[in-house]
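Down below is the structure, laid out as structure tokens.
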Amino acid sequence: MATDSYELSVLDVIEETADARSIVFEIPADAAEAFDYRPGQFLTLAVPSDLTGVAARCYSLSSTPGDDVLKVTVKRTADGYASNWICDNLRPGDTMRVLPPSGIFTPASLDADLLLFAGGSGITPIISITKAALSRGTGRVVLVYANRDERSVIFAEELRHLAEQYGDRLVVVHWLESVQGLPAPDQIRGIAAHFPTYDAFACGPAPFMKCVIGVLKELDFPRERRHQEKFVSLAGNPFGDVEEAAIAEAEVFEAEHEPDDAPAPEPQPQGAVHVEVDLDGTTYEFDDWPATKPLLDHLLAKGVPAPFSCREGNCSACAFRILEGEVKMEHNDILDDDDIADGIRLGCQAYPVTDTVKGTYS
Ligand SMILES: Cc1cc2nc3c(=O)[nH]c(=O)nc-3n(C[C@H](O)[C@H](O)[C@H](O)COP(=O)(O)OP(=O)(O)OC[C@H]3O[C@@H](n4cnc5c(N)ncnc54)[C@H](O)[C@@H]3O)c2cc1C
Ligand code: FES
């Protein structure tokens, strides 16, 4: 996965609902490979800001692999800066700086049967997965899509067409708060219990996700068949120069760990650490990972194209699985206890606590 940003041209801006716009980008001819993606992944946009220079925000791709354009769909957040800027300002012919696709909210196999839950703008990665599974896979897809009311349903027309085209494989359950109230655990359980072998994906507002994930846990959906994407805003700027940012972060880390009145340090390897990671079929091995540097920074400094976006522990683009040894994470806004128990760690936040660390990004 590439780590450079690219200037993409806006081909179209589509008004999806009163408060949601899709932005259609041209796939850059000289970087088509960097913009290959899996359904459910997201782009990171550099939204211009007089205040901070750039407000970096992630937006899931609502297009699907194989489309000849890239499309993201942005819903206005009340009092939000970037979402309103995008909806108010972007026009066809404009350009925008974008980081290539990232993220792990994507089915391992498009042939699996899928149980998809979307709330509001959470439909964005879910429709990409739906279209990919129907057009390229062989499984069945059940989509439960919750919205405030009929007028706020993004992609209503597209879903209708898909249901007509794939009537034998796709079931769409529309849930309107104006008619049925907010979905309650019993009601979600009543649906999910019929599909205990499906791969489940959920994306939407926090209470909706809490309800869905809680039910899936109760129904014993195993961790590898229970996926969620949290929509949070990045606080930092991942568009900066990687090396400089890595050095700055290492310095901050060191400053924050001055011995004086600092709490008792966690056990740390005495010398440099041996690290081995698998990424896209290649194993990278180094003997000089300093205990004061996050794994991501070390890999990038070595020229390894390790994935990342926010570099702050709140997007999961850098997630990998520990196979041997252990790391501690400085910050984690995105992984839940099950993820941690499952060995998932954030590369951008991972400092070694053992002399050897082995992991995989696959
Ligand atoms: C993986 C992922 C995928 C996502 N996919 C989608 C998607 O498909 N669709 C979607 O709609 N959302 C998506 N999101 C959410 C999206 O990234 C934003 O969090 C959302 O649009 C809200 O951003 P906002 O700036 O409008 O609101 P906020 O983040 O709430 O904006 C307020 C913040 O902006 C700051 N701010 C205020 N004024 C300025 C200024 N002038 N300059 C700079 N900063 C300022 C304030 O400090 C405040 O913190 C996704 C998030 C993630 C992590
Ligand atoms: S890059 Fe976003 S959590 Fe690590």
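How many residues does the stretch 302-329 hold that are in a loop (DSSP other than H, G, I, E, B) and either modelled with pLDDT of 95 or more or within 16 Å of ligand 1 (Cβ to nearest atom) (or both)?
The number of residues fulfilling the criteria is 14.
With the requirement that a residue be polar (S, T, N, Q) and part of a helix (DSSP H, G or I), what does the stretch 140-198 give you?
Ser152, Gln165, Ser178, Gln180, Gln187
Where residues in the stretch 282-301 are within 24 Å of the chain's Cα centre (by Cα) and aliphatic (A, V, I, L, M), which of them is farthest from ligand 1 (Cβ to nearest atom)?
Ala301
Confirm whether Ile334 is of a type in the set (A, V, I, L, M, F, W, C) and within 26 Å of Ala56 (Cα to Cα).
So Ile334 fits the description; yes.
Looking at (1) farther than 23 Å from Val98 by Cα; (2) more than 14 Å from ligand 1 (Cβ to nearest atom); (3) open to solvent by 20 Å² or more (accessible area, probe 1.4 Å); (4) not basic (Lys, Arg), which is the only condition Asn332 fails?
Going through the list (1) farther than 23 Å from Val98 by Cα; (2) more than 14 Å from ligand 1 (Cβ to nearest atom); (3) open to solvent by 20 Å² or more (accessible area, probe 1.4 Å); (4) not basic (Lys, Arg), Asn332 breaks only (2).
Only one of these is part of a strand (DSSP E or B) and either in contact (Cβ under 8 Å) with a residue 24 or more places away in the chain or open to solvent by 10 Å² or more (accessible area, probe 1.4 Å) (or both): Ile104, Ile14, Ile86. Name it.
The conditions single out Ile14.
The values are calculated or read from the model by the stated rules, or taken from the named source; none is laboratory data. The structure presented is a predicted model; accordingly, all values stated were derived computationally and were not measured. Don't worry about glycine lacking a Cβ; one is built from the backbone with ideal geometry, like all the others, and counts go over all protein chains shown. Accessible surface is based on the protein model in full, side chains and every heavy atom, while ligands, DNA and RNA are left aside. Shrake-Rupley method; radii C 1.70, N 1.55, O 1.52, S 1.80 Å.
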